[in-house]
1. Looking at GLY163, PRO52, MET184, which one has the Cα that reaches farthest to the positive end of the dipole of the chain (charges on Cβ: Lys, Arg +1; Asp, Glu -1)?
2. Throw me the Rg/Rh for region 1-88, computed over C-alpha atoms with Kirkwood Rh, two decimals.
3. Per residue, what accessible area does the chain have, given a 1.4 Å probe and all protein chains present, in Å²?
4. In deg cm²/dmol, rounded to 500, what helix-only [θ] at 222 nm does the chain give when every DSSP H run of at least 4 residues adds -39500 (n - 2.57) and the total is split over its residues?
5. Using a Gaussian network model of the chain whose springs link C-alpha atoms within less than 10 Å, name the residue from PRO259, PRO166, PRO50 with the highest mean-square fluctuation.
6. May I ask you to list the lysines whose Cα is less than 23 Å away from that of LYS219, ignoring any residue fewer than eight positions away on the same chain?
7. How large, in Å, is the chain by the Kirkwood hydrodynamic radius built from its alpha-carbon pairs?
8. Report in % the part of the accessible area of the chain that belongs to carbon and sulfur, leaving out ligands and nucleic acids; probe 1.4 Å.
Amino acid sequence: MSETIAFIGLGAMGRPMAENLLRAGYSVRLYNRTSLRAASLSDAGAVVAPTPRQAAAGAAFAITMVSDDNALRAVTLGDDGLLAGLGAGCTHISMSTIAPATARALAAAHDARGAHYLAAPVFGRPEAAAARALIVCLSGSVEARERAEPVLQALGRRVESYGDDPGAANVVKLVGNFLIAAAMESVAEALALCEKAGLARRDVVDLFGTTLFDCPIYKNYGAAIAEEQFEPAGFRLALGLKDMQLVLSAGREELVPMPLASLLRDRLLAQMARGREALDWSALALGAAEDAGLARAE
């Protein structure tokens, strides 16, 4: 590949994604706030840049995979931000889970400089990122979407486009995370009842995971909840809380009441108050068990 890609953000998701771009033959220039994470990929052929701007300079694409809206603005805007280095006609692919309003504001900033902005949040945990099995939700201009397609195919197994609105893909991502959290809460409440009735939690999960609810969310998260295996975290509880807050914010903007999202936000907030923010977000299930009087060890 002759194109250079700037990749910014080498957390649990970003690192395997950057590695897959290198394996696909792209020239990759890295920036990470903790420079040691980026330096460890230099042996694989990546070039480490000291700022997002320098990472993006001369790159056809800049990909960001950072934790939240504030982190994305920090690496994108300002004198050292990637937008200052990104050339006219080049494309920023934002793969973080952020507010639709933030995506639209950043898209406007890119338009003003003659660059493109694509929203491309993903479904999948770190193991899916490593296996190139991510599902990518994509929105932005048709031109930019078409140009980015080969890059995204190197990162995931499916790319679904949702039109020109740069905030649309983020709405889909937030709705998906809301549905996942709602499923986990349902499993948690059901298993609390089963446990109090003297049933083995895993037996119940295995039944439903192979019959009525034979799908990855119920099977994988169901098993984690049944066995209370919340470490290592594939998606930290603190990030789950951030996403439920974003869901509620999007609902307010569109005048859509979301009472279940409020419950999920409070479940996650309660676990944060108990110092569990570093656990996987499926640990929200501990709330249902504790409400039922089932003691859980800290």
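The values are calculated or read from the model by the stated rules, or taken from the named source; none is laboratory data. Note that the coordinates shown come from a computational prediction; the quantities given were computed from them, not determined experimentally. Note: ideal-geometry Cβ built from the backbone for every residue, glycine included; neighbour counts use all protein chains shown. Only protein heavy atoms, including side chains, enter the accessible area calculation; ligands, DNA and RNA are left aside. Shrake-Rupley method; radii C 1.70, N 1.55, O 1.52, S 1.80 Å.
1. Value computed over the given set: PRO52.
2. On the way: Rg = 11.6 Å, Rh = 12.5 Å.
With Rh from the inverse mean 1/r over Cα pairs, Rg/Rh is 0.93.
3. Details: 13180 Å² over 298 residues.
Roughly 44 Å² per residue, with all protein chains present.
4. Working: 14 runs with 144 residues, N = 298.
After summing the helix terms and dividing by residue count, I get -14500 deg cm²/dmol.
5. With Cα springs under 10 Å in the chain, the top fluctuation among PRO259, PRO166, PRO50 is at PRO259.
6. Cα-Cα hits under 23 Å: LYS173, LYS196.
7. Mean inverse Cα-Cα distance, inverted, gives 20.0 Å.
8. Values: 7260 of 13180 Å².
Percent of accessible area from carbon and sulfur atoms in the chain: 55.
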